[in-house]
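Below is one structure; the comments refer to it alone.
Each value in this text was obtained by applying a stated rule to the coordinates, not by laboratory testing. What you are looking at is a predicted structure, and each value in this text was computed from that prediction instead of being measured. Cβ sites come from the backbone with ideal geometry, for glycine too, and all protein chains shown count toward neighbours.
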């Protein structure tokens, strides 16, 4: 079973448990509000690893033109049903079916966590390719050095790894992929509403003079 098949299997339960999570995450809302203010008039913004599209909807409700991409077709179906005004499509962040410079910005909350360490720089290069020069990338991930394997989630059989990253480590990956890191934030978890891991958020920028990053 793959990451894609695993998320297909848990899609409905994921919607039930996660879709309204931002209501209980003031730090994330504040960060997304600030991000929306910076990209609202820049062009189309994509949520990579969008799941049921709740982050895309949050930004769309604040005037940001949004689309979403997820590796799971069942998640894309859920996103389309729940957010009919936003375009969602199935795709892999490591090989996006879009032209160079298609998006003004990308938000990727906890999607890089399923990319093996040895593939992270290549995946970030692909995100950079899809961004316009000067485009912003907002990443969120779990902080740590662990590689955790899941074979059960909410009572469903699944099969995927979750990769934890240190903030400095991810900053180095972004630099290697051609990004300029603007800001790194970290916060403690709220165990009552989320998995008890520290969280990191990195805002990075594709240089204005950057060439295509596809390799």
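Along the Cα→Cβ direction, 7 angstrom out, place labels at residue 81 and residue 192. What is the inter-label distance in nm?
So the label points at residue 81 and residue 192 sit 3.1 nm apart.
Set the Förster radius R0 to 41 Å, insert the Cβ-Cβ distance between residue 30 and residue 157 as r into 1/(1 + (r/R0)^6), and round the FRET efficiency to 0.05.
E(calc), rounded to 0.05, equals 0.65.
Taking all pairs of different Cα atoms in region 1-133, averaging 1/r and flipping that mean, what Kirkwood radius in angstroms comes out?
Final number for the Kirkwood radius of region 1-133 is 15.0 Å.
Sketch the reach of a paramagnetic label on residue 110 as a point 7 Å from Cα along Cα-to-Cβ, and name the residues of region 4-34 whose backbone nitrogen lies under 13 Å away.
14-25, 28
With a ≥ b ≥ c taken as the square roots of the eigenvalues of the C-alpha gyration tensor of region 75-119, please select rounded if a/c is under 1.5 and otherwise prolate if a/b is larger than b/c or oblate if it is not?
Numbers: a/c = 2.09, a/b = 1.39, b/c = 1.50.
Verdict is oblate for region 75-119.
I need the calculated FRET efficiency for the pair residue 185 and residue 118, taking r as the beta carbon distance and R₀ as 30 Å, to the nearest 0.05.
Between residue 185 and residue 118 the formula returns 0.70.
Counting only Cα atoms, I'd like the Rg/Rh figure for region 69-215, Kirkwood definition for Rh.
That ratio equals 0.97.
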